[in-house]
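The values are calculated or read from the model by the stated rules, or taken from the named source; none is laboratory data. Small disclaimer: the values here were computed from a predicted structure and weren't measured. Using ideal geometry, Cβ is built from the backbone for each residue, glycine included, and neighbour counts are taken over all protein chains shown. Side chains included, ligands, DNA and RNA excluded: accessible areas come from the protein's heavy atoms. Shrake-Rupley method; radii C 1.70, N 1.55, O 1.52, S 1.80 Å.
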Amino acid sequence: MTTDELEQLLAQQPVAVLHRLARGRVQRHFRAGKRRLIELLLQHSSQNRAGFESDLLTLIGERQAGPTSGSPRRHEAPPIAHKKAAIRSSESEPSDPPVSLTEWLQGLGVPAPQPFVQDPWQIEALAAVSETDVVISVPTGSGKTYVAIEAARRAMEENRSVIYTSPLKALSNTKYAEFSKIFGPDKVGILTGDRQENGQAPLLVMTTEILRNLLYDAASGEIDVRLDTLGLVILDESQYLADPERGVVWEETIIFCPSQARLLLLSASIGNPQDIADWLTSIRSTPCRLVRHSKRTVPLRAGYLHPNGKLTPLFRTLGIPQGHPGHLHPEAKHLFMEYEEETLPSGRPRR
Amino acid sequence: MPPSIHPVDLISALRQKHLTPAIVFLTSRRACDEAMEAFDHANCVLPTTRQEAIAKALEQVMARHPSIAEHPLISIVQRIGVAAHHAGHLPTWKIAIEELMRQGHLDAVFATTTLAAGVDFPARTVVITQSSIRKSRDFTDLTAGEVQQIAGRAGRRGKDHVGFAVITPSPYIDLSVLTKGLTGQPEAIDSQFTISYPMVLNLLKAHPHEHIQGILAKSFAQFQLNQRAEVLEQKLDALHIKMEPFGPRVCTDWITQWHTFDHARRHRHTRHPTYRAEPPEISARLPFLTPGRVVGFSRGRGIVLRQYRSKGQRNSMLTVLRPESAVTECPVTSVKEVYDRTYDCPETSAYPWCSTDTFDRLSHQLEELPLRLPLLPILVSSNNEPLPDAIVQSLEDFSCPTCPSRSACQKDFLTASRLRQEQQRHTKSIQALRTSLWHRFQERVEVLQTFGYLTLTTQLTAEGEWARLIRIDHSLLITELIRAEAFTGADPSLLAGILASLAHDDDRPGAFPRISPGLSSLLGQVRKLAESLSPYEDPPLLRADVAALVERWVADQTLTWIGLCRLTTMAEGDIYRLLARTLEYLSQVQTLKGTHAGLAESASQAITAIRRGVLEELP
């Protein structure tokens, strides 16, 4: 076999075979891309060409015989013996046939209009917010705003005033317009850095900074902002607590929030909502309730679109395989590898 | 094959599979704008009925926000039903696009990943083209939370059965970041609590100094610090249990004792070998301690018979003839005096190291010595040898070598000292975790005291009373500027210009419009002050071009929005944000009516001057 032939043969092999060949031959071979791997293997093979070639041929032979002899052995293997082994096996072998594109695209279209039904978590949150502080952590687009509106309505029916804060001025303006439509313009006011309308209304929309300033002014006894009748404070987008520049404002607001007012924190999915709830429990008079779930209202499917216009599902399952990033659709995997080989300059390790 | 899919192909592919409307997230504003240019001559136009619907909807929005009427992208939006939506656009444009998207007129919106959180409208599909995001000049991988926030825009409640997140590769994409982000759990969030100067002033205004520690303890920051401290405390408890077998032995603190002893031992062997152990005053004597020399000891005198080295001894040794013909061996260190008297004494190779005749003569001479003898002056050269360590000198002080628990100490020392070090480290970090916030607060208090905003008893001074109303970034610089009367007599445009340069924290370059000499000299003054304050507060960028831009907008009331945009290369949206932030800063200055009436007046004039044209369109 000439070097050119060998290189061609290597190039035809899948990367997995190359990695198996490189084991013990090339250091840190797992870092290298396919081209680099071939280069390194050829470099190495100059020392022991015959041994290298025979290994390669054995591997190719094994691979061709693989599907018939290999599969029963795999089925006998214990389900989860070792974490690493489990991942490798789940990545390399099909448990079910991967989902097809037509299957994946099924269900497209507009659902028939349905009467609005409260989600269980919304009922739970609304029941809790009348008694105590509540932290809500649910995926984007689950209907947090509905909870905010209902909670505000109930508080206003009991003649308690409500403050709703959002992190962005634009968002405050949108909410002001939205709430004015729902509750009537005389019931809703807005306070932002440069806009003050209807400041005596029972429902006030503001940015979190403004609320922080109000609380500071009230603490030093300068203004009377009817904090004694304040029944509910809704902090939207509470995950801003982790914002490097503005997060501190959320903390200040929560620390200085009057104790008779209930706090309602609305947040996108975050990793540690329990911590936030525990924190609130530790500093507020009543124990805080956490309402969380991670199921999306509209299910999500992930796809892969190749630059040549070919669309395939990204994962081998229809939905998102939670916790299994390796369950890629074979076609998407193949196309992406092709793409990487074409775009990455040779000799340059993958990022 | 192109490195990434062409926008026109992307849209036709999405349309063909009925995956529209879609939001396409691209790396940069420029990528969005280039995608729009790509549609300029594309023939993927919409059917006329949809074009008319879009035109109708656009008209409605335009009636409310006239500033979008001349937007260059209008024709593309109408013909093809795609639009760009990023921070470079005016808020009114973004509102219009969001409105059209909600009504379902558009097929795709191209947005930047940086502002994924600001894209607050759902679509059927989101298209993800890269795995990293620009954060302050650097690209970092998207976190799982960010990937899910982006993917969260896919699927409209009530309008879609399913949402789609489509990944299409571009160079340097890392697919695993995205697949992990899609399938993983979002990250935990951490407190970003900082203690700013206005916070200190406001806290001290409302609460006495001794209550503050309790208030800081209520922060989420302290909550998380406590969590970490608790973990450490558990570790510390475990260490205590592990330390039990290593309690007090013969010495209470045997670990330290053994450590010093061990150290001294090792030290002696390596750095101070036996034959080099003499201090300089001893070694200076050695050349004079020759056979026949008369020397004095603490008790009595003697004559040196020979000088020699012995393997077991640290010092050079002497054989000395003592009174009554006694011959003794002693180290040189026991010699107290060296006298200026020698006798003839030829050395021999065996005991008594001189001939019998000489020995008898010397014994006799020793008895006959006068009571007083002159001392030999010996010059000690300082460069002779460095002083050996005090530890080595006191090695004999240790009782360790003969201690009954020596072997046990030696055996356990390594484990015990490692455990103890860990214990000490944990104790220190726990202490730091529990008190760090309070220390940071105290640091701020000290700075405010030196600048005269707080009295030594941490009461607010008259300066502090108004300074606490400035609750924005760079508050210390702003209050110091006001105290330095930098703005006295400055007209509203100058004030607005300076506050703009303080408020603008974006480093996207902009072209330089003409700057007035008044503003430029004031800016120099501000820069100087900012530099002198840099130990206490991060200095702002203080860009002169944005200051000049805002100054022109305030001073020249005939300047139109288009005219303003032509003065610079900054994007419309950036100019808008700059002016909006300047307004915020001005309104803070405006609250100082009570103490700085003139300044507040000029701030409110600047506010009315800024609010015109596009800025009036949005509330």
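A few notes on this one:
- Computed 3J(HN,Hα) for the range B:166-181, one whole-Hz value per residue from the Karplus formula 6.51 cos²θ - 1.76 cosθ + 1.60 where θ = phi - 60°, is 10, 9, 10, x, 10, x, 6, 6, 10, 4, 5, 4, 6, 5, 5, x, glycine and proline marked x.
- Overall form of the range A:120-292 per C-alpha gyration tensor (a/c, 1.5; a/b vs b/c): rounded
- Degrees between helix A:208-219 axis and first principal axis of chain A (Cα, 0 to 90, nearest 10): 40
- If a spin label sat at a point 7 angstrom from the Cα of B:LEU559 along the line to its beta carbon, the backbone N atoms of the range B:488-504 nearer than 19 Å would be those of B:490-504.
- Percent antiparallel among DSSP beta bridges (both partners in the range A:120-292, rounded to 5): 10
- Accessible area buried at the B-A interface, both sides summed, 1.4 Å probe (Å², nearest 100): 6800
- Listed values for the range B:593-606 are Karplus-derived 3J(HN,Hα) couplings in whole Hz (6.51 cos²θ - 1.76 cosθ + 1.60, θ = phi - 60°), namely 3, x, 9, 10, 4, x, 5, 4, 4, 5, 5, 5, 5, 4, and x replaces Gly and Pro.
- Within the straight-line cut-off of under 24 Å between alpha carbons, the lysines reachable from A:LYS295 are A:LYS144, B:LYS159, B:LYS180, sequence neighbours fewer than 8 places apart in one chain being disregarded.
- Length added when fully stretched, B:GLU70-B:THR356, from 0.36 nm per residue minus Cα-Cα: 90.2 nm
- Gyration tensor (alpha-carbon) shape descriptor, the protein assembly as shown, a/c threshold 1.5: prolate
- Antiparallel DSSP beta bridges within the protein assembly as shown, percent to nearest 5: 40
- Linear extension gain, B:SER516 paired with B:HIS364, 0.36 nm per residue minus alpha-carbon span: 43.8 nm
- Residue mean of other protein chain beta carbons inside 10 Å, B:220-229: 4
- Average beta-carbon neighbours from other chains, 10 Å sphere, peptide A:232-245: 3
- Karplus-derived HN-Hα couplings along the range B:190-201 (A = 6.51, B = -1.76, C = 1.60, θ = phi - 60°), whole Hz, x at Gly and Pro: 10, 5, 10, 4, 10, 9, 9, 4, x, 4, 4, 4
- Residues B:SER298 and B:ASP397, FRET efficiency given R0 of 22 Å [Cβ-Cβ distance, rounded to 0.05]: 0.55
- Against chain A, whose longest principal axis is taken from its Cα atoms, helix A:83-92 shows a tilt of about 70°.
- With the simple spin-label model, which puts each label point 7 Å out from Cα in the Cβ direction, the B:ARG434 to B:ASP491 separation comes to 6.1 nm.
- Here the peptides B:141-151, A:309-319, B:35-45 are ranked by packing, the mean other Cβ count within 10 Å, and the order with the highest first is B:141-151, A:309-319, B:35-45.
- Net lengthening on full extension, A:GLU103/A:THR229 (0.36 nm per residue, minus Cα-Cα): 39.8 nm
- Counting, for every residue in B:193-199, the Cβ atoms of other protein chains within 10 Å of its Cβ and taking the mean gives 3.
- For chain B, share of DSSP beta bridges that run antiparallel, in % to the nearest 5: 55
- Between the beta carbons of B:GLU230 and B:SER604, assuming R0 = 45 Å, the FRET efficiency works out to 0.30 to the nearest 0.05.
- Qualifying aspartates and glutamates (Cα of each under 12 Å from Cα of B:LYS593; at least 8 residues distant if same chain): B:GLU601
- Reach of B:LYS235 by Cα under 26 Å, taken over lysines that are not fewer than 8 positions away in the same chain: B:LYS218, B:LYS411, B:LYS428
- Distance (nanometres) between label positions extended 7 Å along Cα→Cβ at A:ILE123 and A:GLN274: 2.6
- Simple label model, 7 Å out from Cα along Cβ direction - B:ALA597 to B:THR455, nm: 2.7
- In degrees, nearest ten, helix B:492-503 long axis to first principal axis of chain B (Cα): 60
- Efficiency of FRET from Cβ geometry, B:GLU443 and A:TYR146, R₀ 45 Å, rounded to 0.05: 0.50
- Rounded to the nearest 10 Å², the accessible area of B:ASP344 at probe 1.4 Å: 120
- For the range B:1-137, the gyration tensor built on C-alpha atoms gives an oblate shape. Its axis ratio a/c (a ≥ b ≥ c) is at least 1.5, and a/b is not larger than b/c.
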